[in-house]
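Read the structure below first, then the notes.
The values are calculated or read from the model by the stated rules, or taken from the named source; none is laboratory data. Source: prediction; values computed, not measured. All Cβ positions, even for glycine, are placed from backbone atoms using ideal geometry, and neighbour counts span all protein chains on display.
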Amino acid sequence: MMKNRSAMHAVRTGMRFVNVIGIAVAATLSVIATSSMTKTQTSSDALPVCGPQKTGAPMFITADCVDPILKEAVIDVDEWSDTPERHRYVNGHFAGTGSRFSFYFPPPEKFQGRFFQTTHQLLTSENADPGSIAFAIASGGYAVQSLPGSTVRIASVAEAFEGRDPSLGGYRVNAAAAKFSRVLAAKMYGNRRFYGYISGGSGGAFQVIASLQNSSGVWDGGVPYVMGTPQAIPNVFTARIHALRVLKNKFPQIMDAVDPGGIRDMYAGLNEEERDALKEATLMGFPRHSLNRMHEDKLHHV
């Protein structure tokens with residue numbers, strides 16, 4: 001009897017041991033399977049890392065490479081909004097950088113296969129303004145805007161001397177946002193050809209140029225405008241302020257001359273200095289029919 005009980009106890013103990021081992025093995029296999037699935041789902045693992053085209057050159061971004069710093073996009077918000085137009089709003093960030101992005105996808109029936117991205121070096125938010133969103137949707141596209149993190153962007157002379165990589169805020173964050181927007185667009189609208197365009201003024205114009213010069217397959221075109229070059233100050237603003245100072249008492253008669261029904265000669269009644277100042281301002285690009293705007297700026301007291 002005692003032998004039978006001992007035998008039964010040994011069997012039960014062995015069964016419990018087998019069960020424990022089985023559970024442990026199953027758990028281990030589950031962890032291995034989960035890790036394998038996670039790695040498989042991270043498509044960037046199989047893509048080449050972006051790098052310079054030659055020694056000493058800035059990083060070159062292609063449609064198929066992965067930025068080593070901006071490789072993990074995280075979505076924080078994904079919801080629909082009716083302002084200013086019906087759209088799907090996606091907001092997120094690139095892990096470990098503080099850099100953020102926002103996308104504004106219109107309903108499929110309004111999408112015509114393009115996106116519009118705006119940029120400026122002094123942006124304080126990744127959220128696009130209502131006008132940019134409305135323009136993109138009305139033009140058959142979605143809007144993209146990104147914001148370099150405070151630790152990577154260069155927004156002042158002091159930050160430029162901190163050794164920060166200018167390529168991150170210059171074009172790499174924009175490129176990473178544009179590329180990730182294409183991934184989400186393909187899921188929403190189908191895997192098709194999307195055409196992307198980037199634009200920016202002042203310092204943003206330099207970002208547009210840097211983006212197009214240092215990438216391939218990210219955008220299809222760009223519009224840099226009102227570039228913030230050193231020549232812009234003496235060649236544009238100085239000429240305008242000089243005209244405001246010299247012509248401060250002559251704007252009413254100048255506008256009478258160029259307005260409909262006027263004598264059409266805006267130089268009539270001006271002395272040599274006044275004529276030269278007016279001619280310089282208009283030759284430097286100020287429209288003659290908008291001279292009243294110059295007068296209304298209240299800078300004619302300079």
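Yes or no: region 201-217 includes at least one residue that is assigned by TED's automatic domain parsing to the domain that holds W80 and in contact with an Asp or Glu (Cβ under 9 Å, 6 or more places away or on another chain).
yes
Take the conditions at pLDDT below 85, of a type outside the set (K, R) and over 30 Å from S199 (Cβ atoms) and apply them to I263. Does it pass?
Yes.
Could you please let me know if A136 is in the same structural domain as G221 (by TED's automatic domain parsing) and either part of a loop (DSSP other than H, G, I, E, B) or surrounded by 14 or more Cβ atoms within 10 Å (Cβ to Cβ) (or both)?
Taking the combined requirement at face value, the residue satisfies it.
If I ask for residues that are within 20 Å of Y171 (Cα to Cα) and touching a residue at least 40 places away in the same chain (Cβ under 8 Å), which ones from region 124-145 would you list?
Across region 124-145, the qualifying residues are Y142, A143, V144, Q145.
Within region 214-226, is there a residue that is of a type in the set (S, T, Y) and at pLDDT 95 or above?
Yes, some residue in region 214-226 is of a type in the set (S, T, Y) and at pLDDT 95 or above.
Can you tell me which residue within region 154-169, out of those that are of a type in the set (A, V, I, L, M) and closer than 19 Å to S125 by Cα, is modelled with the highest pLDDT?
Here the residue is L168.
Only one of these conditions is not met by I154: (1) assigned to a loop (DSSP other than H, G, I, E, B); (2) closer than 20 Å to I75 by Cβ; (3) aliphatic (A, V, I, L, M). Which number is it?
Here I154 meets the rest and fails (2).
Could you check V144 against (1) buried (at least 19 other Cβ atoms within 10 Å of the Cβ); (2) at pLDDT 95 or above; (3) touching a Leu at 6+ places or on another chain (Cβ under 9 Å) and say which number it fails?
So the condition that V144 fails would be (3).
Evaluate the following for E72: is it more than 22 Å from T151 (Cα to Cα) and either at pLDDT 95 or above or of a type in the set (A, V, I, L, M, F, W, C) (or both)?
Working: more than 22 Å from T151 (Cα to Cα): no; either at pLDDT 95 or above or of a type in the set (A, V, I, L, M, F, W, C) (or both): yes.
Spelling it out, it is not the case that E72 is more than 22 Å from T151 (Cα to Cα) and either at pLDDT 95 or above or of a type in the set (A, V, I, L, M, F, W, C) (or both).
Hey, could you check region 117-133 for residues that are of a type in the set (S, T, Y) and outside any loop (DSSP other than H, G, I, E, B) and say which is farthest from G92 (Cα to Cα)?
Applying the filter and picking the extreme gives S132.
Residue by residue through region 106-128, note down the ones that are of a type in the set (S, T, Y) and surrounded by fewer than 17 Cβ atoms within 10 Å (Cβ to Cβ).
Those that are of a type in the set (S, T, Y) and surrounded by fewer than 17 Cβ atoms within 10 Å (Cβ to Cβ): T124, S125.
Wholly within region 165-282, which helices (runs of 4 or more DSSP H) include no fewer than the required count, namely at least 2 residues that are buried (at least 18 other Cβ atoms within 10 Å of the Cβ) and in contact with a strand residue (DSSP E or B) (Cβ under 8 Å, 6 or more places away or on another chain)? Give the derivation first.
Values: elements: 173-189, 203-213, 238-246, 251-258.
Counting at least 2 such residues, we get 173-189, 203-213.
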